[in-house]
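A short write-up of the structure that comes next.
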Amino acid sequence: MTGRWTGRLGTTAFILAALALGRVIGDELPRPFDRLNEPRDVEVGIGATAALRTAEVSVTRVQLGTALADTSSTLTTPGLWLVADVQLTPTDADAWLATWEVVGADGREWGRTRPLLDTCRITPPGITQTCGVALEVAPEALPGARLRLATQEDVRYDDRAVVDLGLTEAHVEQAGDEPLEIRPFDMVGRP
């Protein structure tokens, strides 16, 4: 009878040890579905077009400055304003620029801090729009920074343009205090 209890106790201990080891190993293994819900990044440079699932998008110009002209006042920042001119052409359905953020070379992300800092609108397929977006960014994050743009607010399982802005320390040092303007919305027709 004692042999049975010893055997059961040994089996129980083995099962508990295997479960604990499985838990430790399982937490360290990659989760295969995590990669599937990440956005598909389409990397381009200034002036190049990123073909996304719902639109073609490009950044045609980037400016840096300490002030931004608003409709009724001038917005200043302790960092720098990054103002980007964007061109967007929806492909299969109405689309607009839903999200944009700057990612510094160190991986920090800089999103919208104030409302109404873009002029982009929804447009029908095949019609190209020009518009602009603005973000406040810490100066030290700008050299080597990239601008991420998407036509969906939830970018899981979707495309996202990642634009290398080509910014250096010299660009940051040359940023002036003359108020920058966000490019107004305009529909320019077919590309």
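The values are calculated or read from the model by the stated rules, or taken from the named source; none is laboratory data. Here the structure is a predicted model, which means the values were calculated and not measured. Every residue, glycine as well, gets a Cβ built from its backbone with ideal geometry; the counts of neighbours run over all protein chains shown. Accessible surface is based on the protein model in full, side chains and every heavy atom, while ligands, DNA and RNA are left aside. Shrake-Rupley method; radii C 1.70, N 1.55, O 1.52, S 1.80 Å.
When the residues of the range 143-162 are narrowed to those that are more than 19 Å from Thr128 (Cα to Cα) and modelled with pLDDT of 95 or more, which ends up most open to solvent (accessible area, probe 1.4 Å)?
The residue in question is Arg146.
Quick check on the range 163-174: of everything there that is closer than 19 Å to Gln87 by Cα and open to solvent by 30 Å² or more (accessible area, probe 1.4 Å), which residue is nearest to the chain's Cα centre (by Cα)?
Per the stated criteria, the residue is Asp164.
Going through the range 119-131 one residue at a time, which ones are open to solvent by less than 30 Å² (accessible area, probe 1.4 Å) and either more than 17 Å from Glu56 (Cβ to Cβ) or more than 19 Å from the chain's Cα centre (by Cα) (or both)?
Those that are open to solvent by less than 30 Å² (accessible area, probe 1.4 Å) and either more than 17 Å from Glu56 (Cβ to Cβ) or more than 19 Å from the chain's Cα centre (by Cα) (or both): Thr119, Thr123, Gly126, Thr128, Gln129, Thr130.
Report yes if some residue within the range 135-152 is farther than 17 Å from Trp81 by Cβ, assigned by the TED database to the domain that holds Arg53, in a loop (DSSP other than H, G, I, E, B) and within 14 Å of the chain's Cα centre (by Cα); otherwise report no.
Among the residues of the range 135-152, at least one is farther than 17 Å from Trp81 by Cβ, assigned by the TED database to the domain that holds Arg53, in a loop (DSSP other than H, G, I, E, B) and within 14 Å of the chain's Cα centre (by Cα), which makes the answer yes.
Restricting to the range 58-113, what's the tally of residues that are small (Gly, Ala, Ser) and not in a strand (DSSP E or B)? Before the answer, list the steps.
Quick first cut of the range 58-113, residues small (Gly, Ala, Ser) only: 58, 65, 67, 69, 72-73, 79, 84, 93, 95, 98, 104-105, 107, 111.
So of that shortlist, the ones also not in a strand (DSSP E or B) come out as 72-73, 93, 98, 104-105, 107, 111.
Counting residues in the range 58-113 that are small (Gly, Ala, Ser) and not in a strand (DSSP E or B) gives 8.
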